[in-house]
Every structure is written in C-alpha cells, then in structure tokens.
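Student: Next up is a structure, given as structure tokens.
The values are calculated or read from the model by the stated rules, or taken from the named source; none is laboratory data. Given the structure is predicted, the values throughout are model-derived calculations rather than measurements. All Cβ positions, even for glycine, are placed from backbone atoms using ideal geometry, and neighbour counts span all protein chains on display. Heads up: the accessible areas ignore ligands, DNA and RNA and are worked out on the full protein's heavy atoms, side chains in. Shrake-Rupley method; radii C 1.70, N 1.55, O 1.52, S 1.80 Å.
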Amino acid sequence: MPEQQASPGGDPDSARRPGRDEELLAALRRSDEDAFRMLVREHGPFLLRLALMHVPSRAIAEEVVQDTWLAALDGIDRFEGRSSFRTWLASIVLNKARTQGRRERRVLPFSFLGRRRAEGRDEPAVDADRFQSARDQQPGAWARPPVDWDSPVERLSSDEARRVLFEAIAILPPRQREVITMRDISGLSAAETCNALGLTATNQRVLLHRARSKVRAALEHHFQAEEPSR
Amino acid sequence: MTQGRIAQLSCQELVELITEYLEGTLAPADLARLERHLDGCDGCRAYLDQMRETIAALGRLPAESLSPQAEEKLLVAFEGWRKGSRG
Ligand SMILES: [Zn+2]
C-alpha cells in the first residue's frame, strides 16, 4: 500500500474510525501481530510528528517512536481506555521526546530563554503598527489591513508555502508548537489535546491562538514578499 | 443581551478574539459584537479568511511514515514482547 498520501481538505492523520482502535487493541492484547502492525502504521506519522518537535533529527525521532511503542506494549494492560488510545500514545511520546530533547540541548545549547519569554501571554496576534494609534482618527482600526489571498488552496499547497509553514512552526515556543501540531496538523480535538498535554481548556486556547496568529503572519509575510506591488 | 453595554469592537480587539470565535467559545454578547463588526469590515473579514486558510493548509501538510527499517525493528521487538510477557 502506498504510504500516507496527503488527502486534500482532509485530516491526513486520521483515516481512523471510532471503535477501530478498540478492536485493534483487543487483538493486540491477544498478541496479534497484524493488529500491532496496523496500529504502528496508523499512528506512526502522528507520533513521528510529535517526536520531531523536540528532537533535532529524523533518526532520533524514529528511535523515540520505537521506544514509545515498546512502552505502550509494556503498559497495554494498564491502559484503561479512559483517554483515547491516541491521546495515551501522545503523552508517552511527548514525555520521551522532551527528555531526549533536553539531552540533545545539553550537547548543543540553543536559545532557550528567548523561547521561554515568547510563551508569555501578552504578545499581540498582529503587530500593533498595523493598526491606527491613539492619535489617529480611528484608534484600533486597521492602518494596513490584510488583503485577500488569491487562490489560497493552490498557493498554500506549494512546496514554498509548506516550507514557510514548517519553519513558522519550528520557531514557536514548545508548548505552542505542541498545541498547533496536535490541533491543526493532526486534527485532535481540543479535549484530546488538553488531555495529552495536561492543559486547561483556556490555556490550550491561548497557546493555539498565539501559534495560529504567528503562522498566519508568516504566510502573510511570505505572500507579500511574492507580490511587492500590493 | 441588552444593547446598552455593548461597546464597539475595534479591529485590534477582534484579532485577539478570532480563536475563541473559531472555537465557538465566545459568550453570546461577544459573538454578536464580533459578527456585527465583521459585517462592516473588509480588513477583518480578510483576516478571518486568512486564518481559516492557514488552518486548512496545516491540515493538508503531508504526513511522514516510520521508515521500513524502524517498522521492522518494532516487529522484532513485538515478537520478543509476545514471547516474554505473554508466554
Ligand atoms: Zn475590523
């Protein structure tokens, strides 16, 4: 089977049906290898993505995912199905990836304090200089409003735009990166994301808001650079 | 509810409410205010469209699978687990 085509308009990670994980899990508890293989394939891309947020290379991310599955096998009898299987896997992989990431950082320190600060609450969604100031006629109204993107679906699917998306996400503070990856890339619900990350609903929403605002701004910047006339 | 206490929402305030709007978590009075603003503001409508397009584009990013080698290793480990813990 050709692996994981991106499905236009759909959520690439979740070709899953409710109840399917439960059937596979029951089979896995009976030591069914096919069930294991299917779970590994189905959740692999999702876990890899989460691991890649914290470790510097694909090879290390694959190791983290492998460790995650081994831990999941060992813990399968303790998994009570109170959270979704995917949420449970996500919390295991994030735990391992964060630990591994800290280990890598000790070797290769990168600016960490800058990131901590950026996680704070008072960064605006849009730069203040895009709006009229208190001295202008209509304070708080757009001074330089956003313009509609032409044929957004095509342009946003280009390799160039994808590179912009990945880079914008890569430089987000870790918590924002985790939330936007789970919600918008992998299509988890707000509740699943809160559960996997141990966040309150409000906190999750604030992080999502910061993250989406920055990613949108990065795309806007990219499109403006393409069309200097506008 | 009552119109009286509803102040005008500025564009700068609206962009900070956009996620709550998309998540459906705005209080009814705030929702009404926001929608009224959108009705009369091209800039904020464009902003909302861009945000929706951004979210849709994130959902279309291609997924990467585990390498065949990693998958193979896992199946070997699975065998070990089955023999070890399941007898
Ligand atoms: Zn406006």
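Student: Using θ = phi - 60° and the Karplus relation 6.51 cos²θ - 1.76 cosθ + 1.60, list the HN-Hα couplings for the stretch B:25-38 in order, rounded to whole Hz, with x at every Gly or Pro.
Tutor: Calculated HN-Hα couplings, in order: 10, 6, 5, x, 5, 5, 4, 4, 4, 5, 5, 5, 4, 4 Hz.
Student: A further question follows. Determine, at each q value in 0.16, 0.18, 0.22, 0.24 (inverse angstroms), the log₁₀ of I(q)/I(0) that the Debye formula gives when each Cα of the stretch A:7-106 is one equal point scatterer.
Tutor: -0.69, -0.86, -1.17, -1.30
Student: Could I ask something else about it? Which of the GluC sites (Glu not before Pro) found in the stretch B:8-87 are loop residues per DSSP with 10 or fewer other Cβ atoms within 10 Å of their Cβ? Don't skip to the answer; put the middle values down first.
Tutor: Working: sites: B:GLU13, B:GLU16, B:GLU20, B:GLU23, B:GLU35, B:GLU53, B:GLU64, B:GLU71, B:GLU72, B:GLU79; in loops: B:GLU64.
Passing both the DSSP loop test and the Cβ count: no residue.
Student: While we're on this one: Which order do the peptides A:46-52, A:168-174, A:210-216, A:133-139 come out in when sorted by mean C-beta neighbours inside 10 angstrom, highest first? Can you show the working numbers first?
Tutor: Working: A:46-52: 24.6, A:168-174: 17.9, A:210-216: 23.0, A:133-139: 9.0.
Packing proxy ranking, top to bottom: A:46-52, A:210-216, A:168-174, A:133-139.
Student: Between A:SER151 and A:ALA128, what is 0.36 nm times their sequence separation minus the Cα-Cα distance? Round to one decimal in nm.
Tutor: Extending this stretch completely gives an extra 5.5 nm.
Student: Across bins of 10 angstrom width beginning at 0, how are the C-alpha pair distances of the stretch A:142-230 distributed, in whole percent?
Tutor: Bin by bin from 0 Å, the calculated values are 16, 43, 29, 11, 1.
Student: Taking 0.36 nm per residue of sequence separation and subtracting the Cα-Cα distance, how much length would be gained by fully extending the chain between A:ARG41 and A:ARG135, in nm to one decimal?
Tutor: That pair, A:ARG41 and A:ARG135, stretches by 28.0 nm at full extension.
Student: Sticking with this one: Please give the average number of partner chain Cβ atoms lying within 10 Å of the Cβ of each residue in A:140-150, rounded to a whole number.
Tutor: 6
Student: Separate question: Quick one: if you stick a label point 7 Å off each Cα along the C-beta vector at A:ALA143 and B:GLU79, how many nm between them?
Tutor: 6.8
Student: Which peptide among A:32-42, A:177-187 comes first, and what is the full order, when sorted by highest mean count of other Cβ atoms within 10 Å?
Tutor: Top of the packing list down: A:177-187, A:32-42.
Student: Please give the per residue accessible area of chain B, computed with a probe of 1.4 Å over protein heavy atoms only, in Å².
Tutor: Using a 1.4 Å probe on heavy atoms only, each residue of chain B averages 52 Å².
Student: Sticking with this one: PRE reach from A:GLU226 (point 7 Å along Cα→Cβ): which of the stretch A:129-171 fall under 19 Å by backbone N?
Tutor: Those under the cut-off are A:146-169.
Student: Tell me the mean residue ellipticity at 222 nm calculated for chain B from its helices only (DSSP H runs of n ≥ 4, each -39500 (n - 2.57), averaged over every residue, nearest 500).
Tutor: -23500 deg cm²/dmol
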